Amino acid sequence: MKFTLIKKLSQDKSMRPILTGLLLFTLLYILSDILVKYVNFGVFPDAINVTLFGDEEQYIDPLSTSAFLEFWHVEIFFIMMILLTLSAVFVRVSKDDTSKTILLSALMICALFSLISLVLAFFVAKIFVLIYSILFFIWHAIAVYMILYSLGKLYYDKSI
Amino acid sequence: MTKAYKYAIVYFLLFSLLLVISGVMLFEHKIGFSIQGVSEYYLGSEEKFIVAKSSAGVLKIVLPHIFAFALFSMVLLHFLIFTKHRDTAHSKALIYLLFSSAALEIFSPFMIIFGAEFFVFIKIASFVLFESLVIYIAWLLLNSIIKD
């Protein structure tokens, strides 16, 4: 997190490409995450319901509790690390303290509640699948916006 | 530290809490917090049709955890540097305890399958200690963010 201490990121010849690389890879991760989930787990409520609870007509078994908990545990770890890194870059390159705090909070709260909705969907009620799906798309969209905004700031804002 | 960084850390701590909860649920569901549960999970049980774990099987589970525990512990502990707990005996004790408990938690299954059954107890104790320390450090950080 050395970049948080550099006074002029836009003039730093090493740190700018490093952060660009980090942001581009984070963007790739976020987009790949949507694709991989679309194929393997489902991103829309109907597909997620089939993955979690199975479908007798299609001969698909429900996800076991053990497999679900493993999936959830790994998801939490990856999301928390990715979002912490992204938010550190975003906060560093942004100026407006209130709007960046609101955006950061929206990202984190949506991601946090998407994970909580997922476990509630599995153990409590199927309705939470819909909430998970909506929050999943919202936090991914905010993350993509934050990445593109940070890249723009790195290259077009000389004051940072 | 700017207000936005403080928010980012608070959200990270909430994720950490969720990670602890998921870890405890997973441990309880797959292994169980009893001596018998841990013993049967690693050494197998004919009565319950549980196959004993092989060293290769344990290594497969351990491998991603070595990196994940190290990264998570480092990130969580390094936030202490920005608080009044920096360079205190208290924080040093927390650093050594967190990494030691993580190491014991990760590697005790090998000792269990190689015959040192005492490590069944170590496995449970180190898991409980690690998760408790994470919650305690998160509470220290949250307290510092709110008060400082």
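Here, each number is a calculation from the coordinates, and none is a lab measurement. This is a predicted model, so every value here is computed, not measured. For neighbour counting, all protein chains shown are included, and Cβ atoms are generated from backbone atoms with ideal geometry for every residue, glycine included.
Decide, for the range B:1-103, between rounded, prolate and oblate: order the square roots of the alpha carbon gyration tensor eigenvalues as a ≥ b ≥ c, take rounded if a/c falls under 1.5, and otherwise choose prolate if a/b is larger than b/c, else oblate.
prolate
Among the lysines, select those whose C-alpha is under 26 Å from the C-alpha of B:Lys123, and discard any that sit fewer than 8 residues away in the same chain.
By straight Cα distance, B:Lys123 reaches B:Lys30, B:Lys48, B:Lys53, B:Lys60, B:Lys92.
Given Cα pairs under 8 Å that are at least 6 residues apart, what percent is the relative contact order of the range A:11-140?
RCO, the range A:11-140: 22 percent.
Please determine, in degrees from 0 to 90 and to the nearest 10, the orientation of helix A:97-123 with respect to the longest principal axis defined by the Cα atoms of chain A, where the helix direction is its Cα long axis.
Between helix and principal axis, roughly 20 degrees.
How much net charge surrounds B:Ile95 when only other residues with a Cβ under 14 Å from its Cβ are counted (Lys, Arg +1; Asp, Glu -1)?
Taking every other residue near B:Ile95 into account, the sum is +1.
How many Lys pairs in chain A lie less than 26 angstrom apart by Cα atoms, where the lysines are 8 or more positions apart or on different chains?
Close lysine pairs under the 26 Å cut-off: 22.
Would you mind classifying chain A by shape? Square roots of the alpha carbon gyration tensor eigenvalues, ordered a ≥ b ≥ c; an a/c under 1.5 is rounded, otherwise it is prolate if a/b is larger than b/c and oblate if not.
In terms of gyration-tensor shape, prolate.
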